[in-house]
Amino acid sequence: MTVLVTGSAGHLGEALVACLRARQRAVRGVDIKASPFTDRVGSISDRDFVADAMTDIEAVIHAATLHKPHVATHEAQAFIDTNVTGTQVLLESALAAGVRAFVYTSTTGAFGLAATPLEGAPAAWVTETLECRVSNIYGVTKLAAENLCELSARRQGLPVIVLRTARFFPEEDDDASICGRYAIANAQANELLFRRVDIEDAAAAHLLAIEQAAAIGFGRYVIAATTPFTPEDRVMLRHDAPAVVLRQFPECAELYAARGWTLFPTIDRVYVNELARRTLGWRPKYDFRHVLESLRAARDFRSPLALAVGSKGYHAADDICRATPALRSACASTTP
């Protein structure tokens, strides 16, 4: 089975291509940027290019996108061209080619304002049933692409899985208040409590989705690290999040203090992955408990795959990384 991976020069695309190659699975990476993980360079909105790239393809993982950071650098039309038109072109070509599985990388950003409760309200409990309230052109176009995927599944029988992935980027947060107060590792460790996923776990979810798509028909899943919180914690998370964390992980205080780290004082949302774990059989490994175990052992809490892929940036000036033995080794150990 040959798998087409779009966005192969990006963080997740590179991870997916590398992992498939490490498993000796046939894979074809496409992107508008050349990279060691890109077999064909072109735009997903170019119908002729996509039709040619789709030859002999049995499954598609569509990870190409304009991201939230591009809101500051790209016009709205660029988001529509890439995230909406590009997705529709891929769906049509996949149907014409008889593809048996289509996995779309969406984002928890599609929830938008629904994941940001009013001041004083309990933290949002974010599951697949939460109604989206988009807040920017990125969210608008990702949600529109999701709906195109669902339409292709419902009306034309294309097996489609939509994965709303939490943040997995290695760069600093785009929130200036977070950047100014927390080291990158500190902030990202905190986020594994409620709004982050390690790229190795994200890749594993995508590979599982390929296998499950035909049986499911259409599904939409939140992909985030497993939270230790429960709905009963929602009120206290807004008022005193450290108290909730330390009640479950008292050792966190000493481990964090040794590094000069601090917990976020408040948490406004919790992404819940229960449906993905139950339906896809997904077993994410990198959660907050893993963070503390890693701190205790004086090792990096990020996965080998996250360390190997590294930071790419999101703009043309931030060029792609090179393939390394570390990346190949990291992919070989990733659970599918």
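The values are calculated or read from the model by the stated rules, or taken from the named source; none is laboratory data. Just so we're clear, the structure is a prediction, and the values are computed from it rather than from any experiment. Glycine also receives a Cβ, built like all others from the backbone with ideal geometry; neighbour counts cover every protein chain displayed.
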In segment 131-150, the residues that are touching a residue at least 40 places away in the same chain (Cβ under 8 Å) and among the charged types (D, E, K, R): LYS142, GLU146, GLU150
In segment 150-172, residue surrounded by the fewest Cβ atoms within 10 Å (Cβ to Cβ) [restricted to those that are of a type outside the set (A, V, I, L, M) and within 15 Å of the chain's Cα centre (by Cα)]: GLU171
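Considering each residue of segment 221-261, count those that are within 30 Å of LEU208 (Cα to Cα) and assigned to a helix (DSSP H, G or I), and give that number. Walk me through it before giving the result.
Within segment 221-261, the subset within 30 Å of LEU208 (Cα to Cα) is 221-231.
Going one step further and asking which of them are assigned to a helix (DSSP H, G or I), we end up with 231.
Here the count works out to 1.
Please count how many residues of segment 60-101 are β-branched (Val, Ile, Thr), assigned to a loop (DSSP other than H, G, I, E, B) and modelled with pLDDT under 95. Before the answer, list the steps.
Just the residues of segment 60-101 that are β-branched (Val, Ile, Thr), to begin with: 60-61, 65, 71, 73, 80, 82, 84-85, 87, 89, 99.
When the remaining residues are screened for being assigned to a loop (DSSP other than H, G, I, E, B), the result is 65, 73, 99.
Pick out the ones that are also modelled with pLDDT under 95 and you get 65, 73.
So the answer is 2.
Based on what the data block shows, is TYR104 in contact with a Phe, Trp or Tyr (Cβ under 9 Å, 6 or more places away or on another chain), of a type in the set (Phe, Trp, Tyr) and either assigned to a loop (DSSP other than H, G, I, E, B) or within 26 Å of ALA204 (Cα to Cα) (or both)? Can you show your working first?
Values: in contact with a Phe, Trp or Tyr (Cβ under 9 Å, 6 or more places away or on another chain): no; of a type in the set (Phe, Trp, Tyr): yes; either assigned to a loop (DSSP other than H, G, I, E, B) or within 26 Å of ALA204 (Cα to Cα) (or both): yes.
When the stated conditions are applied, TYR104 does not pass them.
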Any hit, segment 111-130, residues being crowded, with 22+ Cβ neighbours inside 10 Å, touching a residue at least 60 places away in the same chain (Cβ under 8 Å), touching a Leu at 6+ places or on another chain (Cβ under 7 Å) and in a loop (DSSP other than H, G, I, E, B): yes
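It is to be established whether one or more residues within segment 37-59 are within 20 Å of the chain's Cα centre (by Cα) and farther than 27 Å from ARG154 by Cβ. It would help to see each step written out before you state the result.
Let us first name the residues in segment 37-59 that are within 20 Å of the chain's Cα centre (by Cα), namely 37-38, 44, 59.
Retained after the next criterion (residues that are farther than 27 Å from ARG154 by Cβ): 37-38.
Yes, the conditions are met somewhere in segment 37-59.
Can you say whether VAL50 is over 22 Å from ALA203 (Cα atoms) and buried (at least 21 other Cβ atoms within 10 Å of the Cβ), as far as the supplied structure shows? Walk me through how you get there before you give the answer.
Values: over 22 Å from ALA203 (Cα atoms): yes; buried (at least 21 other Cβ atoms within 10 Å of the Cβ): yes.
Judged against the criteria, VAL50 is a match.
If a residue must be part of a loop (DSSP other than H, G, I, E, B) and within 14 Å of VAL5 (Cα to Cα), how many such residues does segment 35-59 contain?
Kept after step one, since they are part of a loop (DSSP other than H, G, I, E, B), are these residues of segment 35-59: 35-39, 42-46, 54-58.
Still in the running and within 14 Å of VAL5 (Cα to Cα): 35-39, 42-44, 54-58.
Residues flagged as part of a loop (DSSP other than H, G, I, E, B) and within 14 Å of VAL5 (Cα to Cα) within segment 35-59 amount to 13.
Conditions tested, residue by residue: (1) modelled with pLDDT under 95; (2) closer than 20 Å to VAL197 by Cβ; (3) part of a loop (DSSP other than H, G, I, E, B); (4) among the hydrophobic types (A, V, I, L, M, F, W, C).
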residue	(1), (2), (3), (4)
LEU263	no, yes, yes, yes
LYS285	no, yes, yes, no
HIS290	no, yes, no, no
ASP318	yes, no, yes, no
THR335	yes, yes, yes, no
Some residue of segment 275-286 being in contact with a strand residue (DSSP E or B) (Cβ under 9 Å, 6 or more places away or on another chain) and polar (S, T, N, Q): yes
Failed condition for LEU91, given (1) surrounded by fewer than 18 Cβ atoms within 10 Å (Cβ to Cβ); (2) within 27 Å of TRP282 (Cα to Cα): (1)
Residue count for segment 217-259, restricted to those that are more than 18 Å from the chain's Cα centre (by Cα), crowded, with 18+ Cβ neighbours inside 10 Å and under 30 Å from ALA22 (Cα atoms): 1
Residues being part of a loop (DSSP other than H, G, I, E, B), over 30 Å from GLU92 (Cβ atoms) and free of Cβ contacts under 8 Å to residues at least 60 places away in the same chain - total across segment 151-205: 3
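Yes or no: segment 63-70 includes at least one residue that is more than 21 Å from the chain's Cα centre (by Cα), crowded, with 20+ Cβ neighbours inside 10 Å and β-branched (Val, Ile, Thr).
Restricting attention to segment 63-70, the residues satisfying the condition of being more than 21 Å from the chain's Cα centre (by Cα) are none.
Looking for residues that are more than 21 Å from the chain's Cα centre (by Cα), crowded, with 20+ Cβ neighbours inside 10 Å and β-branched (Val, Ile, Thr), one finds none in segment 63-70, hence no.
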